[in-house]
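Have a look at the structure below, then the notes.
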Amino acid sequence: MTLWDGELPFYPGSRLAAGFSVPLLIVILVFLALATSFLAILPGIRGRSRWFWLVRIILSLFIGAEIVAVHFSAEWFVGRVSASTSYKAFSAARVRASVGLQVGLEGINITLTGTPVQQLNETIDYNEQFSWSLGKNYAEEYAHALVKGLPDPVLYLAEKFSPSSPCRLHHPYRLAGHYASALLWVAFCLWLLSNALLSMPVPLYGGLALMTTGAFTLFAVFTFASISSVPFCPLRLGFATLTAHYGAAFWVTLATGILCLLLGGTVVGLHYARPGALRIFLDRSDKDPEGQAKGGSPLILSKPNLQTTTRL
């Protein structure tokens, strides 16, 4: 800890640079491991079924990974601005920095990065998380941030989402996150069910389960959009204003819901219009004529009838 103009810095300890979410990284690694395991068995599948399995595995794992990963992403509602702003309380010193706001289902993430990073004899590179998920108390986390002495821009944005703020952003965004998260977990359970049904000789119910997965995913997106569509307070940092918009997690979840509806509708339509084609796509290499042709003639084992004679 070094002195700055004869004073101790308000924020003791090492600063955390903006990094990747650890739970999100774990989810991605788990699904990548599953994808690698399934792809490793593809060379053992004969004929066209190999490519059908490849498409099914990639689409299915993408849908499952996306539904789980967006729970831990803060990219639902985002904003960023470059501004010249005050750095800490009771000081006239100003810094040039990029300030980012990310709103997720479980809380908000605020980043502050100096341009350049080294200013006022300090490293200005902060990444602070404030949670409102179950079991977390946003007001306590904000009070702890005040005690730590975080920079002014971080405290300013965090205060706008506090329960006592006149902006009234905390309650709607907290509810939006809770409801959207619950709907996405239901969609994940239905995704598991659809995979089980599509692996059995009941593709119709698998397609319906996949369509229901898409419906709940879209319900989550629309829930977040409708509840969080409250008038946003002006977020002024110096002479600049931070404006926010829907982020990557919002749009990818929307696209995933539409994809599930299209895939489920295709399965249901093929079940009635082209059941033979559906069986070939969903299936096993034992129904693949090309695979049988490449595999050669089947080996037939015959057992001669054994006759025994009993003499008295």
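The calculated FRET efficiency for the pair ILE26 and LEU192, based on their C-beta separation and a Förster distance of 22 Å, comes to about 0.75. Each other residue within a Cβ distance under 11 Å of ALA249 adds +1 if Lys or Arg and -1 if Asp or Glu, for a net charge of -2. Ranked by solvent-accessible area (1.4 Å probe, protein heavy atoms only, all chains present), the residues TRP132, TRP51 order from largest to smallest as TRP51, TRP132.
Given labels modelled 7 Å from the Cα in the Cβ direction, how far is it in nm from GLU140 to HIS245? So the two model labels end up 3.8 nm from each other.
Phi angles of the range 252-262 translate, via the Karplus equation with coefficients 6.51, -1.76, 1.60 and θ = phi - 60°, into HN-Hα couplings of 5, 5, 4, 5, 5, x, 5, 4, 5, 5, 5 Hz per residue; Gly and Pro are given as x. Please state the shape class of the range 43-147: rounded when a/c is under 1.5, otherwise prolate if a/b exceeds b/c and oblate if not, all from the C-alpha gyration tensor. Here the range 43-147 falls in the prolate category. The figure for TRP53 is an accessible area of roughly 80 square angstrom, using a 1.4 Å probe on the protein chains alone. Of the three principal axes defined by the Cα atoms of the range 209-278, the extents in descending order read 66, 18, 12 Å. With Cα atoms defining each centre, the range 117-158 and the range 200-226 are spaced 38 Å apart in the structure.
Distant-in-sequence amide contacts of LEU237, defined by a placed amide H-H separation under 5 Å and a gap of 5 or more residues or a different chain, comprise LEU242. Spin-label pair CYS167-ALA273: with each label point 7 Å from Cα along the Cα-Cβ axis, the two points sit 4.9 nm from one another. Ranking SER164, SER131, SER37 by solvent-accessible area of protein heavy atoms (1.4 Å probe, all protein chains present), from largest to smallest, gives SER164, SER37, SER131. For the range 194-238, the residues whose amide N sits under 14 Å from a probe point set 7 Å from the Cα of PHE38 along the beta carbon direction are 194-200. Projecting label points 7 angstrom from Cα along Cα→Cβ for SER133 and LEU262 puts them 3.1 nm apart.
Take PHE281: with every protein chain present and a 1.4 Å probe, its accessible area is about 80 Å².
Computed with every protein chain present, the accessible area of MET200 is close to 90 Å² [probe 1.4 Å].
The values are calculated or read from the model by the stated rules, or taken from the named source; none is laboratory data. What you see is a predicted model; the values in this text were computed from it and never measured. Every residue, glycine among them, receives a Cβ derived from its backbone with ideal geometry; neighbour counts consider all protein chains shown. Quick note on the areas: whole protein, heavy atoms, side chains included, nothing else; ligands and nucleic acids left out. Shrake-Rupley method; radii C 1.70, N 1.55, O 1.52, S 1.80 Å.
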